[in-house]
Ligand SMILES: CC(C)(COP(=O)(O)OP(=O)(O)OC[C@H]1O[C@@H](n2cnc3c(N)ncnc32)[C@H](O)[C@@H]1OP(=O)(O)O)[C@@H](O)C(=O)NCCC(=O)NCCS
């Protein structure tokens, strides 16, 4: 800290005594120089040896997750890369239209009920729209009422048996046009 700076400006004092500065601090020093309240060489001495640390985003606006698309796998993960959930998809053509098939949407147990599954299914619909695929199809175990409820609430209709004839599973479809 420059020993010959005496100030009653609390903000300036904080900058002088801190080991790092933020871009806002640097801007503040600039404004003092412009006003003639601080000499440029003194500001330089104040900043000497301090690192400019970019302010992290405030908690409220910091993203809580990101969605990563890799080939036919879509992953939802925390900003540090920890996996939250994912799904795999493929597409096929019926006689009348192309269909996007979601192999399994999965959200890690500790993350369920927090909206991540909704983000994933909305993202799947975005991919289908982007590829001009009018229908999404998936299969769910008949004894998985929570998942069935999750999809039906989001517009997926139970059309009964699966293509492979697996009686333990049902097929759900949604027209997303
Ligand atoms: C189904 C699943 C993908 C939903 O993901 P999620 O992140 O919990 O979903 P959301 O938080 O966006 O929505 C939660 C909704 O699903 C329901 N739900 C379904 N399974 C749930 C679970 N195990 N825990 C909490 N909520 C569940 C909730 O009641 C809630 O209802 P709402 O629509 O009134 O809000 C997730 O529970 C899961 O991975 N389950 C195991 C795998 C599975 O069954 N996959 C589906 C077969 S393809």
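The values are calculated or read from the model by the stated rules, or taken from the named source; none is laboratory data. Nothing here was measured: the structure is a model prediction, and the numbers come from that model. A quick note on method: Cβ atoms are made from the backbone with ideal geometry, for glycine too, and the neighbour counts reach across all protein chains shown.
Would you mention how many residues in the range 94-116 are near the ligand (Cβ under 6 Å from one of its atoms), under 18 Å from residue 173 (Cβ atoms) and touching a strand residue (DSSP E or B) at 6+ places or on another chain (Cβ under 6 Å)?
Counting residues in the range 94-116 that are near the ligand (Cβ under 6 Å from one of its atoms), under 18 Å from residue 173 (Cβ atoms) and touching a strand residue (DSSP E or B) at 6+ places or on another chain (Cβ under 6 Å) gives 1.
Of the conditions (1) more than 28 Å from the chain's Cα centre (by Cα); (2) surrounded by fewer than 17 Cβ atoms within 10 Å (Cβ to Cβ), residue 170 clears all except one; give me its number.
Failing condition for residue 170: (2).
Can you find a residue in the range 53-64 that is outside any helix (DSSP H, G or I), within 16 Å of the ligand (Cβ to nearest atom), within 25 Å of residue 120 (Cα to Cα) and out of contact with any helix residue (DSSP H, G or I) (no Cβ under 7 Å at 6 or more places or on another chain)?
Yes, the range 53-64 contains at least one residue that is outside any helix (DSSP H, G or I), within 16 Å of the ligand (Cβ to nearest atom), within 25 Å of residue 120 (Cα to Cα) and out of contact with any helix residue (DSSP H, G or I) (no Cβ under 7 Å at 6 or more places or on another chain).
Among the numbered criteria (1) in the same structural domain as residue 137 (by TED's automatic domain parsing); (2) modelled with pLDDT of 90 or more; (3) away from the ligand (no atom under 16 Å from the Cβ), which one does residue 43 miss?
It fails just one condition, (1).
For the range 123-134, does any single residue satisfy the condition of being within 9 Å of the ligand (Cβ to nearest atom) and touching a residue at least 12 places away in the same chain (Cβ under 8 Å)?
Within the range 123-134 (the criterion being within 9 Å of the ligand (Cβ to nearest atom) and touching a residue at least 12 places away in the same chain (Cβ under 8 Å)), the answer is no, since none of the residues qualifies.
Among 156, 111, 116, which is surrounded by 15 or more Cβ atoms within 10 Å (Cβ to Cβ), within 21 Å of residue 65 (Cα to Cα) and without any contact (Cβ under 8 Å) to a residue 40 or more places away in the chain?
Checking each option against the conditions leaves just 111.
Consider residue 101 against the criteria (1) surrounded by 15 or more Cβ atoms within 10 Å (Cβ to Cβ); (2) closer than 23 Å to residue 68 by Cβ; (3) free of Cβ contacts under 8 Å to residues at least 24 places away in the same chain: it satisfies all of them except one. Which criterion is unmet?
With respect to (1) surrounded by 15 or more Cβ atoms within 10 Å (Cβ to Cβ); (2) closer than 23 Å to residue 68 by Cβ; (3) free of Cβ contacts under 8 Å to residues at least 24 places away in the same chain, residue 101 is out only on (3).
Sort through 100, 88, 137 and tell me the only one that's at pLDDT 95 or above and over 24 Å from the mean Cα position of the chain (by Cα).
137
For the range 136-150, name all the residues that are more than 9 Å from the ligand (Cβ to nearest atom) and crowded, with 18+ Cβ neighbours inside 10 Å. Before the answer, list the steps.
Going through the range 136-150, the residues more than 9 Å from the ligand (Cβ to nearest atom) turn out to be 136-137, 142-143.
Scanning the range 136-150 gives 136, 137.
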